[in-house]
Amino acid sequence: MEKEIVLYRTFDSPVEANIVKDVLETNGVPCFLSNEIFSSVLPLTNSEVGAIRLNVFAEDVEKADTILSTTQLTESEK
């Protein structure tokens, strides 16, 4: 049976997206970014269409929430 992948968060900045992705992966949460190329070719600020998407398995959402709530991130990275 395949695991369900869900959209966890969106970002306008690839730097912010990669920082959060690295924090999750370092703490054992598999995740991946999508829409990175589109957002760099056609940057659309404050748009869901152009946003970089951080995806996780549905079963890991609670763990990701816990990790990010206890990790020191700047306000723009949350």
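The values are calculated or read from the model by the stated rules, or taken from the named source; none is laboratory data. Bear in mind that the values here come from a model prediction, so they are computed numbers and not experimental data. Note that each Cβ is placed from the backbone with ideal geometry, even for glycine, and that neighbours are counted across all protein chains shown.
Residues that are in contact with an Asp or Glu (Cβ under 9 Å, 6 or more places away or on another chain) and in a loop (DSSP other than H, G, I, E, B) were ranked within segment 48-70; the one that is modelled with the lowest pLDDT is G50. Picking from residues in segment 7-42 that are exposed (fewer than 12 other Cβ atoms within 10 Å of the Cβ) and over 20 Å from T71 (Cβ atoms), the one that is modelled with the highest pLDDT is I37. Applying the criterion of being in contact with a strand residue (DSSP E or B) (Cβ under 7 Å, 6 or more places away or on another chain) and part of a helix (DSSP H, G or I) to the residues of segment 1-17, the residue that is nearest to L54 (Cα to Cα) is A17.
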